Structures are given as C-alpha cells and as structure tokens.
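Q: Mind having a look at this structure? Questions to follow.
The values are calculated or read from the model by the stated rules, or taken from the named source; none is laboratory data. These numbers come from a predicted model, not from an experiment. Glycine gets a Cβ as well: all are built from the backbone with ideal geometry, and neighbour counts include every protein chain shown.
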Amino acid sequence: MILSDGEILAEIEKGNIVIEPFKRECLGSNSYDVHLGKHLATYKDKVIDARLHNEIEHFEIPEEGFVLQPDTLYLGVIDEYTETHKHVPFLEGKSSTGRLGINIHATAGKGDVGFCNKWTLEITTAIPVRIYAGMPIGQLIYFAVQGDILNPYNIKKGAKYNERSSKPVESMMWKNKW
C-alpha cells in the first residue's frame with residue numbers, strides 16, 4: 001500500500017518519516033517532491049572496476065546551470081535529508097524530468113527501512129540538457145511494511161551508506177565479499 005498525503009503527514013508527525021527541509025507545497029497526493037542538490041560527481045577513470053574503490057571528482061553546479069552529456073554517468077544528490085523508520089521509500093523521477101530525457105537512477109530506486117541520509121542519484125541523459133541546483137528532480141513514495149522490521153538499515157552491520165553526506169557517494173561495491 002502506498003501512503004497518501006494525509007498518511008505521509010501523520011508519519012512525519014510521529015517521527016517515522018523525516019524530510020528536512022520539509023515544504024508543504026512539495027507534498028503531492030501520494031508522494032513528496034525532492035530537488036537536485038548543488039553537488040555532482042563523475043568517476044575519474046573511464047573504465048571502472050567493480051572490485052576496486054573507484055574514485056570520483058566532485059563539483060558544484062554553477063548558478064547558470066550545468067549541461068549533462070549523454071554517455072556519462074553523473075552522481076548527484078537530492079537537496080533533502082530523509083529518514084524512513086517504518087516504511088519502504090521509493091525514489092522515482094518526475095514525469096517532467098523524464099520528458100527532458102533525464103534518468104535519475106539506474107537501479108537504486110528502492111530504499112531500505114532505516115535509511116537516514118540524502119539520496120545519491122545515478123543520473124544519465126538521452127540528449128544534452130541543462131540542469132540547475134534546486135530544480136525538482138524526483139519524488140519519494142512510501143510503502144507500508146507488513147510485519148516487524150528486524151534489521152533496519154541505519155543499524156545494519158556492514159551497511160555501506162550510513163555516513164551522512166551532502167555530496168554524492170560513489171559505489172561501495174568493493175566492500176562486498178564475493
């Protein structure tokens with residue numbers, strides 16, 4: 001079940017959902033609009049290796065915007081800090097973003113119960129497009145969970161993305177044992 005706007009507000013009041021800053025006008029009938037933060041990053045190497053710690057270069061989106069290029073993976077970040085303690089959050093692109101040819105995630109649209117951070121975006125584009133810090137970029141949707149949560153992400157042993165950051169975070173696949 002997807003939470004309605006009234007249920008999202010009730011869960012914010014209970015502290016089960018945290019969105020900072022929270023702006024009432026960003027609350028839709030069953031989602032919350034999030035915005036692009038000012039930081040982007042790209043991988044330093046042209047070929048990245050899933051077994052290695054691949055370094056990224058951070059940069060800020062200038063006031064006049066930044067043109068995304070096709071065939072490049074950009075790591076971005078939402079402007080809002082979020083916590084979700086009792087629900088499964090999903091981050092989806094807005095239709096207006098998609099109609100510009102922008103994809104905001106490759107495979108990581110589902111969050112974990114207990115995730116407490118800003119979301120890193122995996123941004124690609126079909127055509128060159130100018131983007132701006134603060135522009136609407138996606139929407140968070142919350143699903144109810146049935147049953148007890150035994151292993152929330154924020155206390156999960158080995159969770160790789162718990163360190164609070166206002167900048168995009170690179171893949172931590174290299175920390176997996178395989």
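Q: If I filter region 50-62 down to residues being in contact (Cβ under 8 Å) with a residue 40 or more places away in the chain and part of a loop (DSSP other than H, G, I, E, B), which single residue comes out as nearest to residue 131 (Cα to Cα)? Break it down stepwise before answering.
A: If we filter region 50-62 for residues that are in contact (Cβ under 8 Å) with a residue 40 or more places away in the chain, which is where we start, we get 50-56, 58, 60-61.
Within this subset, residues satisfying the condition of being part of a loop (DSSP other than H, G, I, E, B) are 50-55, 61.
Details: 50: 29, 51: 32, 52: 30, 53: 28, 54: 25, 55: 24, 61: 8 Å.
Only one residue fits best here, namely 61.
Q: Are there any pairs, at least 6 apart or on different chains, whose C-beta atoms fall under 6 Å, with the first in region 72-88 and polar (S, T, N, Q) and the second outside any loop (DSSP other than H, G, I, E, B) and surrounded by fewer than 21 Cβ atoms within 10 Å (Cβ to Cβ), and if so, which?
A: Going by the 6 Å Cβ cut-off, the qualifying pairs are 82/19.
Q: With respect to residue 123, is the statement that it is touching a residue at least 40 places away in the same chain (Cβ under 8 Å), within 15 Å of residue 31 (Cβ to Cβ) and among the β-branched types (Val, Ile, Thr) true?
A: Details: touching a residue at least 40 places away in the same chain (Cβ under 8 Å): yes; within 15 Å of residue 31 (Cβ to Cβ): no; among the β-branched types (Val, Ile, Thr): yes.
No.
Q: Looking at region 156-167, can you tell me whether even one residue there is small (Gly, Ala, Ser), exposed (fewer than 14 other Cβ atoms within 10 Å of the Cβ), without any contact (Cβ under 8 Å) to a residue 40 or more places away in the chain and touching a strand residue (DSSP E or B) at 6+ places or on another chain (Cβ under 6 Å)?
A: The answer is no; no qualifying residue exists.
Q: Kindly indicate whether any position in region 59-80 is exposed (fewer than 15 other Cβ atoms within 10 Å of the Cβ), at pLDDT below 95 and not β-branched (Val, Ile, Thr).
A: The first filter runs over region 59-80 and keeps only residues exposed (fewer than 15 other Cβ atoms within 10 Å of the Cβ), leaving 59-60, 62-65, 67, 69-73.
Narrowing the set further to residues that are at pLDDT below 95 leaves 71.
Those still in the list that are not β-branched (Val, Ile, Thr) too: 71.
Taking every residue of region 59-80 in turn, at least one turns out to be exposed (fewer than 15 other Cβ atoms within 10 Å of the Cβ), at pLDDT below 95 and not β-branched (Val, Ile, Thr).
Q: When only residues in region 18-47 that are over 15 Å from residue 89 (Cα atoms) and hydroxyl-bearing (Ser, Thr, Tyr) count, which is surrounded by the fewest Cβ atoms within 10 Å (Cβ to Cβ)?
A: Of everything passing the filter in region 18-47, 29 is surrounded by the fewest Cβ atoms within 10 Å (Cβ to Cβ).
Q: Still on this structure, please answer the following. Could you figure out which of (1) surrounded by fewer than 19 Cβ atoms within 10 Å (Cβ to Cβ); (2) under 21 Å from residue 116 (Cα atoms); (3) of a type outside the set (S, T, N, Q) isn't true of residue 3?
A: Tallying (1) surrounded by fewer than 19 Cβ atoms within 10 Å (Cβ to Cβ); (2) under 21 Å from residue 116 (Cα atoms); (3) of a type outside the set (S, T, N, Q), residue 3 fails exactly one: (1).
Q: If you don't mind, there's one more thing I want to ask. Taking residue 129 as the residue in question, decide whether it is under 23 Å from residue 66 (Cα atoms) and at pLDDT 95 or above. Can you show your working first?
A: Values: under 23 Å from residue 66 (Cα atoms): yes; at pLDDT 95 or above: yes.
Spelling it out, residue 129 is indeed under 23 Å from residue 66 (Cα atoms) and at pLDDT 95 or above.
Q: Between 106, 144, 126, which is exposed (fewer than 14 other Cβ atoms within 10 Å of the Cβ) and within 12 Å of the chain's Cα centre (by Cα)?
A: Values: 144 fails: within 12 Å of the chain's Cα centre (by Cα); 126 fails: within 12 Å of the chain's Cα centre (by Cα).
Going through 106, 144, 126 in turn, the sole match is 106.
Q: Can I ask one more? Of everything in region 117-138, what is part of a strand (DSSP E or B), within 11 Å of residue 102 (Cβ to Cβ) and of a type in the set (Val, Ile, Thr)? Give them in sequence order.
A: If the condition is that a residue be part of a strand (DSSP E or B), within 11 Å of residue 102 (Cβ to Cβ) and of a type in the set (Val, Ile, Thr), then 123, 124, 125, 129, 131, 137 are the ones that fit.
Q: Please determine, by comparing only the residues of region 158-177 that are over 29 Å from residue 38 (Cβ atoms) and at pLDDT 80 or above, which one is farthest from the chain's Cα centre (by Cα).
A: Filtering region 158-177 down to residues over 29 Å from residue 38 (Cβ atoms) leaves 158, 176-177.
Applying the additional criterion that residues be at pLDDT 80 or above yields 176-177.
Working: 176: 21, 177: 25 Å.
Step by step, filter region 158-177, then rank; the result is 177.
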